[in-house]
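Presented below is the structure to which this report refers.
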């Protein structure tokens, strides 16, 4: 796990829950309770209780085997209900549609984050060939195949 930022206030239970969500978000496959506990550096019983709460609240679910946890789409849905994001996307979509048809390519609305871009919306191109990125995708500026064009705008 990444280093924790120094903070004046601590909420250990919240920190454990966020550690779990962040770990599952970066994991390419579902993880078992012991694997989560090991990677976060906590006890399995602590992780079990946290996972039960996260499951009951709809943030995680069990995979088909019933032994490993994975994220649900709840945070994705929450992010799209977040008023500033929703307003930004609503304002940008008509212009994105115009641009998409003008250049015959997909158009992406990305937000700069420290070290990477986060695609928050896309408008699909009318042709089948070309470049595209799904909403919610993120990568380092220059590793993202659209990164050169995004980085040129960022300066």
Problem - Ranking of 102, 22, 6 by count of other Cβ atoms within 10 Å, fewest first - result: 6, 102, 22
Fill in the blank from the handout: Given a Förster distance of 22 Å, the FRET efficiency implied by the Cβ-Cβ spacing of residue 46 and residue 22, rounded to the nearest 0.05, works out to 0.85
Practice task
Report relative contact order for the stretch 1-116 in percent, whole number only (criteria: Cα-Cα under 8 Å, sequence separation at least 6).
Solution key: 17 percent
Problem - Cα-projected label distance for residue 85 with residue 113, points at 7 Å along beta-carbon direction, nm - result: 1.0 nm
Problem - Sorted by Cβ neighbour density within 10 Å, fewest at the top, the residues 123, 48 - result: 48, 123
Completion exercise
Exposure proxy check on 69, 59: fewest-to-most Cβ neighbours within 10 Å is 59, 69
Completion exercise
Quick calc, residue 70 & residue 13: beta-carbon distance into FRET formula, R0 25 Å, rounding 0.05, result 0.70
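Laboratory data are not the source of any read-out in this text; all were calculated from the coordinates shown. Here the structure is a predicted model, which means the values were calculated and not measured. Positions of Cβ are backbone-derived with ideal geometry, glycine not excepted, and every protein chain shown enters the neighbour counts.
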